[in-house]
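J.: Below: one structure in structure tokens.
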Amino acid sequence: MASNIGIMDSAYFVGRNEILTWINNRLQLNLSRIEEAASGAVQCQMMDMTYPGVVPMHKVNFDAKTEYDMIQNYKVLQEVFNKLKIEKHLEVNRLVKGRPLDNLEFLQWLKRYCDSVNGGIMNENYNPVERRCKGGKDRYPKGSLKSSKSLQANNIHNLGSGDTVGLNKTSGPKQGKPYAAAGGANSSGEVQALSKEITDLKLSVDLLEKERDFYFAKLRDIEILCQTSELEELPMAVAIKKILYAADAKESPLAEAQEYLYQSMNADEKEAETEETDP
């Protein structure tokens, strides 16, 4: 299960923009920075979406600004983890500080965990805005209202000629019917074409991710092998680690590794010759 994923897992290579898109699409929010999720409310609702009804949403404060209020949200999240037997330690003191890297790392883990439970498929029956209203208080993050408005605007825009029907209902609904029928047919065809394109893209992404994970696992095995106490000082192991840990993506570290290996081999040969000539 993803609760035990290591720091070298591919989950921690998911970028900031992908994480923000994942949050905004599923929870109908409009976050623009990772630190906006530092209150813990987003994490609570992600778990509520993954396990509907498990999170007491009336206890989650989306308006939390102080560290005290944020800590209360993380207490709710920790209780949910305990209930679901998820072994994940929460670095609450670091998360509530709003540091981008700390929050990004936790959200990367959370995305991997949620995807491992639901296969990365959005729960279409889940209404995130409605769930944020549980407990009798309208607890909307600032971005959620913006997102809802933008979603409404997009829906109106995407209806094409069907817009006329909605706008003219009060003045003459019968006049809009021919346009509605034409607009509906066009929209249906576009939806089917887009659905097929999305399916094809998902298949391509799945194949690429499997290939990436395959080669990443091999690199990780090589790294572990080179770090064993018996081998880590050998010239070949050092040369391999030079390639694995090279920071400059523009220049290949192969030449440097080959040079190091060549020098090490020459040094060993000279040392052996010296031992042979010594009486």
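J.: Compute the distance in nm between two label points, each set 7 Å from the Cα along the Cα-to-Cβ direction, one at Glu271 and one at Ala217.
T.: Roughly 3.8 nm, to one decimal.
J.: Modelled label-to-label distance, Glu35 and Thr66, 7 Å Cα→beta-carbon offset: nm?
T.: Going by the 7 Å Cα→Cβ label model, 2.1 nm.
J.: Could you sort Thr199, Thr50 by their accessible area in this structure, using a 1.4 Å probe and putting the largest first?
T.: Largest accessible area first, the list is Thr199, Thr50.
J.: Give the accessible surface of the stretch 186-250 per residue, rounded to a whole number of Å², with probe radius 1.4 Å and ligands, DNA and RNA excluded.
T.: On the way: 5290 Å² over 65 residues.
For the stretch 186-250, the solvent-accessible area averages 81 Å² per residue.
J.: Applying 1/(1 + (r/R0)^6) with R0 = 22 Å to the Cβ-Cβ distance of Asp206 and Ile243, what FRET efficiency is obtained, to the nearest 0.05?
T.: Working: r = 29 Å, r/R0 = 1.30.
After rounding, the FRET efficiency stands at 0.15.
J.: Past the 19 Å Cα-Cα mark, which pairs from Lys242/Lys270; Lys65/Lys97; Lys218/Lys242; Lys111/Lys202; Lys85/Lys111? Please report the intermediate quantities before stating the final value.
T.: Details: Lys242/Lys270 24 Å; Lys65/Lys97 11 Å; Lys218/Lys242 16 Å; Lys111/Lys202 17 Å; Lys85/Lys111 17 Å.
Over 19 Å Cα-Cα: Lys242/Lys270.
J.: Give the carbon-plus-sulfur fraction of the accessible surface of the stretch 199-256 in %, rounded to a whole number; probe 1.4 Å, heavy atoms of protein chains only. Write down the numbers at each step before the final one.
T.: Details: 2970 of 4710 Å².
Of the solvent-accessible surface of the stretch 199-256, carbon and sulfur hold 63 percent.
J.: Take Glu87 and Tyr12, extend 7 Å from each Cα along the Cα→Cβ direction, and tell me the distance between the two endpoints in nm.
T.: 1.8 nm
The values are calculated or read from the model by the stated rules, or taken from the named source; none is laboratory data. Every value quoted in this text rests on a predicted model; they were computed, and no experiment measured them. Positions of Cβ are generated from backbone atoms using ideal geometry, with glycine treated the same way; all protein chains shown enter the neighbour counts. The protein model used for the area step is the full one, side chains on, heavy atoms only, and it has no ligands, DNA or RNA in it. Shrake-Rupley method; radii C 1.70, N 1.55, O 1.52, S 1.80 Å.
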